[in-house]
Amino acid sequence: MKPRLTLLLLLIVVTPLAIVGWLGAKIVGDEQDVLQHRVSGLMTGQLRAVDAAISTALDAYQQRVLEEMRPFTVERDALRKRSRESALSMQFYVLEGAGKLLYPPVDSPGALTPSEREALARTAQIWDGGELLASVGESEATAETGWKAWYWGNGLQMMFWTREGQRIHVAEINRTRLLADLIAALPETDEVAPQLSGGRIQLMDATGTVLYQWGSVKNEEALKTAARIALRAPLSAWSLEYATAEAPGIGSVVAGGFLLTLLPALLLLVGLVLGMAAYFYREQSREMREAAQRVSFVNQVSHELKTPLTNIRMYAEILEREAGGEDERMSRHLNVIVSESQRLSRMIANVLTFSRGQRNALNLRYQSVVPDDVLRTVLEQFRPALSARGIDVELDLRIGEECSLDPDALGQIVGNLVSNVEKYAAEGKLLRMESGLDSLPSGLGRIFVVVEDRGPGVPAREQARIFEPFYRVNSLLTEGVSGTGIGLSISRELARLHGGDVVLEAKESGGSRFLVTLACRPVAAPTEGRPA
Amino acid sequence: MTNQTMKTALARIAVTMLVSLLALPLTMSGATVRLNVDAANPMLLSGGVRKTYVRVALTGMRSDRGVRAPVNVAIVLDRSGSMSGAKMAEAKRAAILALDRLRDDDIVSIVTYESTVDVLVPATKLYDRRAIRRAIEGIEASGSTALFAGVGKGARELRKFLDRNRVNSMLLLSDGLANVGPSSPGELAQLGTSLGREGITVTTIGLGLKYNEDLMTRLALASDGNHFFVEEAEDLEAAFATEFGDALSTVAQGVTIHLDCPEGVRPIRVLGRDASIEGQRVHASLNQLYQDQTRYLLVEVEVAPGAAGRVRPVANVTVGFRELATKTDQQLRGDASITYTNSASTVESRKNREVMVAVASQIAAERNKVATALRDEGKIEQAREAFRQNKVYLQDKAVELAAPSLKDEAKVSGEAEASVADEAQWNRARKQQMESNVQVQTQRAPKAAPKKKQE
């Protein structure tokens, strides 16, 4: 019963806890996902803000370039001076509507300055392929200005164009200066928004090379990209990344907070479950304790009762013999005294056996007996009680020869079974007992005894448990019937000790059928002592 | 120079002085800048196409007013991991000592960079020196080298107070290779050009033996700044002092030089510095002119044949600049001409020694670059020979022109020659070489002698 109870308690405690834990984990996990989503949304939002800042800085740059380009002119010296002195642009160009360069003077190569020649070599693909015109053409007809990005040398190159009548004025941007100005417009590390500290924002070029970054991190190697966006045109080849050392780190801090709010409820639930378990355990163990106390009390008392009971039985039997059949009334009364004292002896024997069994000190004393005689003696003892309850006895006993076994054990086992029939199955009005002897190949014999009744039987779900000590089938049947709850347990224990068993056999019609088997030794070598 | 052209030049200077006198009657000595335009060979051999050099020299004059122009300086410090220890400590000390030389109305900003950039002290006047000093003392080294972004942020701080009447300069310190953001010498040079055109000079200090001298020198050259190779951290102070000394002695800035060649004279190339040649015209600019220092533009010209005795003007020069003492724009004009002669010895004896020294110096610098390129390609023997020839060339010129400065430059070439074979020695020599080249090309001061002599 102990392991079963523990298992049950464990189940009671663990199952709800597991459910709560699983639910909690699921909720936290979901929350984590939501948070992660929210955090990455936050990061993306942050990146968009940066993108907007870059866009603003680019607009400012464009404005300053436009100022350098004004007033619009096609005059060569003026354009040369501008190209020479501009801090923002490398070179200015002027295109006529059809796409032909008016400046630098491509028609007269001799007139080109070395820097103009270099500039034309740098931008050849733009002019030869008509790329800029195409770019101008693509933009809306009303657009007065626009950007053209292309690749040359060490990366993204930019051109800014503006329309003036039929002409297009172009500034080839100083790429590094533009980048330096964009960087100047972006935050420094000590300016980073505090809610995103521990993260780093990186501006990257098309190859993923970091152009600029801010945000202090402890371990640069552990940085992982948490969010990424492409810059808006014309810098769409570049991207912004939000990197953190530990992506879920941000989430878990917040999720931890969430867990904190969930914790009291969780603790309450756990407490409740544990309390319930403790209550059940206490109840259960209280019953166990009480039963054990009962047994221990009975045990002590039984020892004291044994001697006077023996005397009572002995003198009652003497009196019965002496009275002869002279007085029928007296004889009947004496009979009751004898059978009741026999019943008391059995109960005492059971209790003592049980308490001995608890201490693993059950002894068997083998004797050479005829088992059927033992069975008849038991039935004889019960006859008054059985007949009082109107129970007929049917016998089919077939072990006439002697066997070596412990007659007390056999008597006690069968006595308990018969006592149960008398107590619980009286309404069946029948007790059937059968005995026989099997020969085993090992040379050992085995006797079997069947005790059958037509009572209500044992409910299927209780069948396994009726052999547990102190277990009593809790039903109307057992109500009002006294019993220690150790009879069947002791019977099975004794039988098993005797190399056999007591089992409840399946029965088609009503009632129950117990089968007792015991090993017996050949009579030729009667021995005494403990079997292994 | 003939008497006539001399007179014309003097007259022009006088007119300029008069103009500035009229503009600011209280300014006594308006000419804070002296302009000299000279041909290397005032006498040219007649009867053939001849080449010569024209030097446009500008000298910052000592101001008797004793009031210097306010400065706007950004100190951009490398605080990457490699700087930790003595380097960082010395850099901080040098920066703090340099700030001590500034007045309260000067403007300073401090930018530090590693993997990311911090603007430690946004551009501010020096009223609260203690806070700035504390900020500098708190710098700790770690991380990578986002040099480009450091320069970008430094430039932004300078722009907050960018003023033609202030000396706008950035002092960039790095001890390693830029590895975050653009990091090629070409890209940094492109940025330097842009900053230079804006009036910002970037002076670079390479500390130790692991920085990229190509990047640092090209950035400096493109913005008309200086470059120092500081091998030992304790010499940082001298480099800072030299740069601050220059900045504090600036007399003019935003200098533009326009040189026109008359008919019969064709500008071929400009030695040493970026300039643009547009037909007969040469345009160049210098960001700053310092007191007692001469900076120049050197143009090689081809002169059409002429008959002996004929005088031919070879250059008309207009120089514009902002005079800081008076906060006015000034202009100077000058010209140079040659006279044809039949006597080769006269040509030889009349050559302008100063211009010839400058020419020798620039030619040697160019040849050193070629030799360095050979060494970079792994052609060690050819590089050794090129450096040796250069050394000999400079030594000969030093004797011929009685120019001790050429002897010093010969030494640098000699060191390069001696070190080409050894990787570690070459690394040092290459840095010395590049540093020397910047100073030759920009005519900027070499750093003050270190307190302790190396070796």
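The values are calculated or read from the model by the stated rules, or taken from the named source; none is laboratory data. Since the structure is predicted, the reported quantities are computational estimates derived from the model, not experimental observations. When we count neighbours, we look across all protein chains shown, and the Cβ atoms used for this are built from the backbone with ideal geometry, even at glycine.
Looking across the stretch B:235-268, just one residue is under 23 Å from B:LYS369 (Cβ atoms) and surrounded by fewer than 16 Cβ atoms within 10 Å (Cβ to Cβ), and that is B:ILE268. Being in contact with a Ser or Thr (Cβ under 6 Å, 6 or more places away or on another chain) and either of a type in the set (A, V, I, L, M) or at pLDDT 90 or above (or both): is that true of B:ALA89 here? Taking the combined requirement at face value, the residue does not satisfy it. So, B:ASP104, is that one of a type outside the set (A, V, I, L, M, F, W, C) and crowded, with 18+ Cβ neighbours inside 10 Å or not? Spelling it out, it is not the case that B:ASP104 is of a type outside the set (A, V, I, L, M, F, W, C) and crowded, with 18+ Cβ neighbours inside 10 Å. Comparison of B:LEU158, B:LEU172, B:LEU207, B:LEU191 shows that the only residue that is touching a strand residue (DSSP E or B) at 6+ places or on another chain (Cβ under 6 Å) and over 22 Å from B:SER84 (Cα atoms) is B:LEU158.
If the condition is being more than 19 Å from B:TYR53 (Cα to Cα) and more than 23 Å from the chain's Cα centre (by Cα), then the stretch B:301-326 contributes B:ALA307, B:ALA308, B:GLY309, B:THR326. B:ARG218 - would you say it is over 12 Å from B:LEU172 (Cα atoms), touching a Pro at 6+ places or on another chain (Cβ under 6 Å), within 14 Å of chain A (Cβ to nearest Cβ) and not in a loop (DSSP other than H, G, I, E, B)? Taking the combined requirement at face value, the residue satisfies it. Quick one: is A:ALA149 within 60 Å of the chain's Cα centre (by Cα), outside any helix (DSSP H, G or I) and at pLDDT 85 or above? In short, yes.
Evaluating A:GLN157 against the criteria (1) under 29 Å from B:SER183 (Cα atoms); (2) of a type outside the set (A, V, I, L, M, F, W, C); (3) more than 14 Å from chain B (Cβ to nearest Cβ) leaves one unmet condition, (3).
In the stretch B:317-358, the qualifying residues are those that are among the basic types (Lys, Arg) and part of a strand (DSSP E or B), and the one that is surrounded by the fewest Cβ atoms within 10 Å (Cβ to Cβ) is B:ARG333.
The residues of the stretch B:155-184 that are within 10 Å of chain A (Cβ to nearest Cβ), assigned to a loop (DSSP other than H, G, I, E, B) and surrounded by fewer than 24 Cβ atoms within 10 Å (Cβ to Cβ), listed by number, are B:ASN179, B:SER183, B:SER184. Cβ-Cβ contacts under 6 Å between residues 6 or more apart (or on different chains), taken from a first residue in the stretch A:208-231 that is facing chain B (nearest Cβ under 7 Å) and without any contact (Cβ under 8 Å) to a residue 12 or more places away in the chain to a second residue that is among the β-branched types (Val, Ile, Thr) and surrounded by 19 or more Cβ atoms within 10 Å (Cβ to Cβ), are listed as A:VAL210/B:VAL180. Out of B:VAL54, B:VAL76, B:VAL71, one residue alone is at pLDDT 95 or above and in contact with a helix residue (DSSP H, G or I) (Cβ under 7 Å, 6 or more places away or on another chain). It is B:VAL76. Please pick out the residue among A:LEU395, A:LEU386 that is crowded, with 16+ Cβ neighbours inside 10 Å and either on the phi < 0 side of the Ramachandran plot or in contact with a helix residue (DSSP H, G or I) (Cβ under 6 Å, 6 or more places away or on another chain) (or both). A:LEU386 is the lone residue from the list that is crowded, with 16+ Cβ neighbours inside 10 Å and either on the phi < 0 side of the Ramachandran plot or in contact with a helix residue (DSSP H, G or I) (Cβ under 6 Å, 6 or more places away or on another chain) (or both). What do you reckon, is A:GLU452 in contact with a Lys or Arg (Cβ under 7 Å, 6 or more places away or on another chain), at pLDDT 80 or above and not small (Gly, Ala, Ser)? Taking the combined requirement at face value, the residue satisfies it. Across the stretch A:87-120, the number of residues qualifying as free of Cβ contacts under 8 Å to residues at least 60 places away in the same chain and of a type in the set (S, T, N, Q) comes to 3. Can you tell me which residue in the stretch B:136-154 is nearest to the chain's Cα centre (by Cα), limited to those that are part of a helix (DSSP H, G or I) and more than 11 Å from chain A (Cβ to nearest Cβ)? Filtering the stretch B:136-154 for residues that are part of a helix (DSSP H, G or I) and more than 11 Å from chain A (Cβ to nearest Cβ), the one nearest to the chain's Cα centre (by Cα) comes out as B:LEU147. Among the residues making up the stretch A:80-122, those that are of a type in the set (A, V, I, L, M) and either away from every other protein chain (no Cβ under 12 Å) or touching a Pro at 6+ places or on another chain (Cβ under 8 Å) (or both) are A:VAL94, A:LEU95, A:ALA98, A:LEU101, A:LEU102, A:VAL106, A:ALA111, A:LEU112, A:ALA119, A:LEU120, A:ALA121. Of the numbered criteria (1) touching a Leu at 6+ places or on another chain (Cβ under 6 Å); (2) surrounded by 15 or more Cβ atoms within 10 Å (Cβ to Cβ), the one A:GLU96 fails is (2). Among the residues of the stretch B:420-441, at least one is free of Cβ contacts under 8 Å to residues at least 24 places away in the same chain and buried (at least 17 other Cβ atoms within 10 Å of the Cβ). Quick check: is even one residue across the stretch A:179-186 at pLDDT below 90 and either under 57 Å from the mean Cα position of the chain (by Cα) or under 30 Å from B:VAL111 (Cα atoms) (or both)? Checked the stretch A:179-186: no residue is at pLDDT below 90 and either under 57 Å from the mean Cα position of the chain (by Cα) or under 30 Å from B:VAL111 (Cα atoms) (or both). Residues in the stretch A:152-165 that are modelled with pLDDT of 90 or more and either hydroxyl-bearing (Ser, Thr, Tyr) or not in a strand (DSSP E or B) (or both): A:THR162 only.
Just so you know, in the stretch B:277-299 the residues that are more than 14 Å from every other protein chain (Cβ to nearest Cβ), part of a strand (DSSP E or B) and surrounded by fewer than 23 Cβ atoms within 10 Å (Cβ to Cβ) include one that is farthest from the chain's Cα centre (by Cα), and it is B:GLN291. Cβ separations smaller than 7 Å between residues 6+ apart or across chains give no pair from the stretch B:383-402 residues that are in contact (Cβ under 8 Å) with a residue 40 or more places away in the chain and under 9 Å from B:SER413 (Cα atoms) to residues that are buried (at least 19 other Cβ atoms within 10 Å of the Cβ) and of a type outside the set (Phe, Trp, Tyr).
Residue count for the stretch A:1-57 satisfying the condition of being farther than 30 Å from A:ALA292 by Cα and in contact (Cβ under 8 Å) with a residue 12 or more places away in the chain: 25. In this structure, does B:THR112 turn out to be crowded, with 24+ Cβ neighbours inside 10 Å, assigned to a loop (DSSP other than H, G, I, E, B) and within 14 Å of another protein chain (Cβ to nearest Cβ)? So B:THR112 fails the test.
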